[in-house]
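Notes to accompany the following structure.
The values are calculated or read from the model by the stated rules, or taken from the named source; none is laboratory data. This structure is a prediction, so every number in the text was calculated from the model and none was measured. Here the Cβ is made from the backbone with ideal geometry for all residues, glycine too, and neighbour counts use every protein chain on show. Side chains are part of the model used for accessible areas, which takes the heavy atoms of the whole protein and leaves out ligands, DNA and RNA. Shrake-Rupley method; radii C 1.70, N 1.55, O 1.52, S 1.80 Å.
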Amino acid sequence: MTEAQIDGRPASLDAAAQRAAEILSRARLPIVAGLGTDIAGARASIALAERIRGAYDHLESDKIFTDLDVMRQAGRFVTTPNEARLRADVLLFIGKDLTKIWPQLLERLAPAAVPEFDLAHATRKLVWIAPGRAAAQVDGLDVTTIDSNDPHVALASLRARVADRPVNSGKGAKRKIDEIAQILKGARFGVAVWGPELLDSLAIEMLYGLLADLNKTTRFSGLPLGADSNAGGVLQASGWMTGFPMRTSFGRGFPEHDTWRFDAARLVDSGEADAALWISAYGREVPRWKKQIPLIALVPSQVKFDHEPQVRVEVGGPGVDHDSAEFAREVGAIVARRASLPSDAPSVSSVIDRIAQHIGGEA
Amino acid sequence: MLILLKGGRIVDPVNNRDGIGDLWIEDGRIVAPPAGRQPDQIHDVTGKIVMAGAIDIHSHIAGGNVNTARLLLPELHRADAPLQKVLPLASAKWSTFETGVRYAAMGFTTVIEPALAPHQALQGHLELSDVPILDKGALTILGNDDFLLSLLREGEKPGAIADYVAATLAATNGLGLKTINAGGATSFKYNVRAFGLDDAVPFYGTTSRKILEALQQAVDDLKIPHPLHLHANNLGIPGNVSTALATIEAARGKPLHLAHLQFYCYGDEGDHGFSSGAAAVAAAVNAAPNVTVDVGQSMFRQTVTISSDVLRQFNAVGQARPKKSVIFDADAEGGGVVPYHYRETEFANAVQWACGLELFLLIDDPWRVFFTTDHPNGAPFTTYPEVFALLMSREARAEAAARLPQAALAVTTLPSIAREYTLNEIAIMTRAAPAKLLGLKDRGHLGEGGLADVAVYSPDKDIAKMFGAAHLVFKDGDLVVRDGTVTHYRWGKTLKVNPGYDKAMDRRLSGYYDHHFGVSHNMFAVPEHILPRPDPFQEVECAQ
Ligand SMILES: [Zn+2]
């Protein structure tokens, strides 16, 4: 039995879809936000956004754009978890939050295991910049660390020393930086690993500069850990459907992308957006905007909102209640996942299809 | 519904037809003139040209690397106005939706994505699913994957390699097999910066030539219709004409398709150390009936190069225009996205342009030279109409050549070539021959029983105008284009082969993946039910 509510009172899925359609059709600028959903849900959401001439955004956009902005400015240099696991003789970890972002990181990359495809088949070296207490989690391997409050500064010093340029720092610090620069230059296939929170765009650009310098003589690649709630998969679907990432609007009848203008929270708080469809099928996230506007929520059961949404539909979890296609961090690609606990809870895409049916117009 | 296309000039080389006649369509197929029945719909196409729907054998329209290019270069595809006829997402430039619309408007009804990486196959098929109107297909890439390289290192029998190729085609739903700078991407991971036909892959010891021979043999053993589709070594490097000639010899008389050959026709003569070797390559192709080629014509404009040949793309990063690029050390294959602007004023770009045209015009047999720009590497597919004009009109070529550095033309044979393609030759190159090359018996012709994929053009002195906007296009008998405008969406099939193999290979792969990658081999499969539209595939038979 599908759980749906209108104004906090139980309703049929169809009645909820119809009410949602009314709210979205009536809006001047509706938004489709959250977008914590699988590929099918993202496809349905983006198609709906076009139909209602709305804008769409993802709840993890800030993290996605930290990496993406650098790519669009300067490019990127990346590899996959499989290559890091099987080939990397040097791992460069940056930030104390890596295992928080991806709890399976150490299991997946297996730093203490000898990389099978490395020619020398030697024990790996692991360098960790600003590890906090996380470096202690690595068993069976000596970790070379630098403590740093500012990864950007650490990366800048490393880049300078890799290029044999001088740095301004104390003798002890300089010795450490030199030691690490030598490890990086001596790598046969090194992989740098980072998350999008502790590193900002400037630091990531510096890191790519370091990788470019290292690749003049050896091989070194990057492994950004990305964000949750299928942000990576929604980014890809958005790319092939509209040419652009999330934070794209159809307000003028064709896709326009702007990371500032079409930030969902900004659109709501500025008064530009006047209705929202909020989607978070992977977790219990709720919107971050302050202003109250008509809200339709597609969320798991028992999510608490400050103000009860006008329409709420409880949706199933992708890969849990129903089969899904989604970005898999463990392989760095979109994969199909079988439902682990199949149920009748509706998928985001099926609910949005119902809403779209009530909106009519050409499809 | 019975449809009659009345009184057009029917150009159908497969059935030796080139003359005025009628064409009948019913239930999505071409049918014999039905005695005593009135058509439900008549299209008077007097004065028009009627051909089968065109087939593009090599165009990068889907998959992770293509999508990376979209995201890297928002400035190249900003939309500024809604399309007149609003079809869902068709106003989104370079989207999968717009891709289908633009191809259909030119009379294309089948397009093959030539670079499906096995570990990213699901995304490739998801993207192909969102290309409207067209039938699609994808060539699966092998040749840098550690499993194959380890089979070769261990000296495994051809049977094991064929089983592996078949298992991979089955898991990825591929139509054929592609290899890209075989061994080059893996060698690059071992810091190799140049990789030729007889260079050995570190760690594995096998050479590019041996990989090529093994895969060619596997395709032959499995009786896959499309020959091994080869992106050769040393793409884009001055003097690589010797690579092209050596690769044609390396085929040893067996079927081999050489992709975007234009990029391998470069001599290193003259003041610039850059010249055309296209005449020598064309002569070698003419002398090797086992070899087919597509051209990869370049045109003068901003574009972006997208390739799994990560070694080549890494070496091209310095030439990026605008200055940004993506290099991806992916599983097995790599990926490189490097934007590029071909300029009329640039000596090398002018030579490249001439090289492509020389190949088209100097290869005698239109059944063996295929029409591509290696979209978007040489130029976007939207330039096809201009390329048709260059092939069909010596005058159009002379006009275009007059704008180029004459010193560049002097290191080519282009100015001396008088040949002009006929409509019949265009129909062979873009319809009949691609269907034959891919083993698609149901299309590429207008004979009874064939798919009613039909393009009708209005003849025009301006050849580009004629091919740019078809008068009518039918897909499976459904009229989808009128005067260059798509009227509605329909959803085509993705073509695939399904050669049988010894299922012991699945167990072997499971073991290899569990041990090396620490993830299940199944994780990379493309289950049909996860794709958005029902019944997405059509199987193409392997020969018995
Ligand atoms: Zn290509």
Quiz item: If you count the DSSP beta bridges with both ends in chain A, what percent of them are antiparallel, to the nearest 5?
Solution: 30 percent
Exercise. Write out the chymotrypsin sites (Phe, Trp or Tyr not before Pro) in the range A:256-363 meeting two conditions: DSSP loop, and at most 11 other Cβ atoms within 10 Å of their Cβ.
Key: A:W260
Quiz prompt | Gain upon complete extension [B:T485, B:A398; 0.36 nm per residue less C-alpha separation] | solution = 28.2 nm
Quiz item: For the protein assembly as shown, with the dipole built from +1 on Lys and Arg beta-carbon atoms and -1 on Asp and Glu ones, taken about the Cα centre, which of A:G243, A:A88, B:G8 lies farthest toward the positive end?
Solution: A:A88
Quiz item: Does chain B classify as rounded, prolate or oblate by the C-alpha gyration tensor (a ≥ b ≥ c root eigenvalues; a/c under 1.5 gives rounded; else a/b over b/c gives prolate, otherwise oblate)?
Solution: oblate
Quiz item: How large is the charge dipole for the protein assembly as shown, taken about the Cα centre, if only the Cβ atoms of Lys, Arg (+1) and Asp, Glu (-1) carry charge, to the nearest 20 debye?
Solution: 1300 debye
Quiz item: Restricting the count to DSSP beta bridges whose residues both fall in the protein assembly as shown, what percent are antiparallel, rounded to a multiple of 5?
Solution: 40 percent
Quiz item: Relative to the Cα centre, what is the charge dipole magnitude of the range A:65-224, using +1 at the beta carbon of each Lys and Arg, -1 at the beta carbon of each Asp and Glu, and rounding to the nearest 20 debye?
Solution: 400 debye
Quiz item: When the accessible area of chain A is split by element with a 1.4 Å probe, what percent falls to carbon and sulfur?
Solution: 47 percent
Quiz item: What figure in square angstrom, to the nearest 10, would you give for the accessible area of B:C542 with a 1.4 Å probe?
Solution: 20 Å²
Quiz item: Going by a ≥ b ≥ c, the root eigenvalues of the Cα gyration tensor, does the range A:65-224 fall in the rounded group (a/c under 1.5), the prolate group (a/b larger than b/c) or the oblate group?
Solution: rounded
Self-check item: Degrees separating the helix A:171-185 axis from the principal Cα axis of chain A, which is the longest one
Solution: 80 degrees
Quiz item: Label A:V114 and A:D178 with points 7 Å out from Cα along Cα→Cβ: what is the distance between them in nm?
Solution: 3.2 nm
Quiz item: Among the GluC sites (Glu not before Pro) within the range B:93-171, which fall in a DSSP loop and have no more than 14 other Cβ atoms within 10 Å of their own Cβ?
Solution: B:E154
Quiz prompt | In the range B:425-504, chymotrypsin sites (Phe, Trp or Tyr not before Pro) in a DSSP loop with at most 10 other beta-carbon atoms within 10 Å | solution = none
Quiz prompt | Percent carbon-and-sulfur accessible area, chain B, ignoring ligands, DNA and RNA, probe 1.4 Å | solution = 51 percent
Quiz item: Short version: which residues of the range A:35-82 lose at least 30 Å² of accessible area, all chains versus chain alone, 1.4 Å probe?
Solution: A:R43, A:E50, A:M71, A:R72, A:R76, A:F77, A:V78, A:T80, A:N82
Quiz item: Can you give the average number of partner chain beta-carbon atoms within 10 Å of each beta-carbon in peptide B:188-201, as a whole number?
Solution: 2
Quiz item: Taking the simple approach of a point 7 Å from Cα along Cα-to-Cβ for both B:E539 and A:R9, what is their distance in nm?
Solution: 5.6 nm
Quiz prompt | Those Cys residues of chain B for which no other cysteine Cβ falls under 4.7 Å | solution = B:C542
Quiz prompt | Estimated buried accessible area (total), pair B and A, 1.4 Å, Å² to nearest 100 | solution = 5000 Å²
Exercise. Report the relative contact order of chain A, percent, no decimals, based on alpha-carbon pairs under 8 angstrom and at least 6 residues apart.
Key: 26 percent
Exercise. Just grab the label-to-label distance for B:Q217 and A:E197, each label 7 Å out from Cα along the Cβ direction, in nm (one decimal).
Key: 5.4 nm
Practice problem: Enumerate the amide H contacts of A:R76 below 5 Å, restricted to partners 5 or more residues apart or on another chain; note that Pro and chain-start residues carry no placed amide H. | Solution: B:S325, B:V326, B:I327
Self-check item: Under Karplus coefficients 6.51, -1.76 and 1.60, residue-wise ³J(HN,Hα) of the range B:465-482 in Hz, glycine/proline x
Solution: 5, 4, 7, x, 9, 5, 5, 9, 9, 10, 10, 6, x, 9, 6, 10, 9, 10
Quiz item: How much net charge surrounds B:K465 when only the other residues with a Cβ under 15 Å from the Cβ of B:K465 are counted, with Lys and Arg +1 and Asp and Glu -1?
Solution: -2
Quiz item: By its C-alpha gyration tensor, with a ≥ b ≥ c as the square roots of the eigenvalues, how is the protein assembly as shown shaped: rounded for a/c under 1.5, else prolate for a/b larger than b/c, else oblate?
Solution: oblate
Quiz item: Quick one: which bits of the range B:37-73 get at least 10 Å² less accessible when the partner protein chains are in, versus the chain alone, with a 1.4 Å probe?
Solution: B:N67, B:T68, B:R70, B:L71, B:L72
Exercise. Rounded to whole Hz and in sequence order, give me ³J(HN,Hα) for the range B:87-93 from the Karplus expression 6.51 cos²θ - 1.76 cosθ + 1.60, θ = phi - 60°, writing x for Gly and Pro.
Key: 9, x, 6, 6, 7, 8, 5
Quiz item: So what is the calculated 222 nm ellipticity per residue for the protein assembly as shown, using -39500 (n - 2.57) for each DSSP H run with n of 4 or more, over all residues, to the nearest 500 deg cm²/dmol?
Solution: -9500 deg cm²/dmol
Quiz item: Using modelled amide H (1.01 Å from N, peptide plane; none on Pro or chain starts), what sits under 5 Å from the amide H of A:E3, excluding residues fewer than 5 places away?
Solution: A:E314
Self-check item: Cα-centred dipole magnitude for the range B:108-217, charges only on beta-carbon of K, R (+1) and D, E (-1), debye, nearest 20
Solution: 240 debye
Quiz item: Say we join alpha carbon atoms closer than 10 Å with springs in a Gaussian network model of chain A; which of A:K216, A:K304, A:K63 then has the biggest fluctuation?
Solution: A:K216
Self-check item: Helix A:151-162 vs. chain A, principal-axis angle (Cα, 0 to 90°, nearest 10)
Solution: 40 degrees
Exercise. Quick one: which residues, 5 or more positions from A:R337 or on another chain, have an amide H under 5 Å from its amide H? H modelled 1.01 Å from N in the peptide plane, none for Pro or chain starts.
Key: A:S324, A:A325, A:E326
Practice problem: Taking only protein heavy atoms into account and a 1.4 Å probe, give the accessible area per residue of the range A:65-224 in Å². | Solution: 41 Å²
Quiz item: Tell me, what is the FRET efficiency for A:K290 and A:R28 to the nearest 0.05, using R0 = 25 angstrom and their Cβ-Cβ distance as r?
Solution: 0.80
Exercise. Return the sequence-ordered ³J(HN,Hα) values of the range B:269-275 in whole Hz as given by the Karplus equation 6.51 cos²θ - 1.76 cosθ + 1.60 applied to θ = phi - 60°, using x for Gly and Pro.
Key: 9, x, 4, 8, x, 8, 8
Exercise. Working from Cα positions, state the angle (0 to 90°, nearest 10) between the long axis of helix A:39-51 and the longest principal axis of chain A.
Key: 60 degrees
Practice problem: Would you mind getting the accessible area per residue of chain B, heavy atoms of the protein chains only, 1.4 Å probe, in Å²? | Solution: 33 Å²
Quiz item: Over 32 Å between Cα atoms, which of A:K100/A:K176; B:K210/B:K436; B:K6/B:K178; A:K63/B:K493; A:K63/B:K324 qualify?
Solution: B:K6/B:K178; A:K63/B:K493
Quiz item: Where a Cα-Cα gap under 19 Å defines reach, which aspartates and glutamates qualify for A:K125, not counting those fewer than 8 residues away within the same chain?
Solution: A:E83, A:D89, A:E107, A:E116, A:D139, A:D142, A:D147, A:D178, A:E179
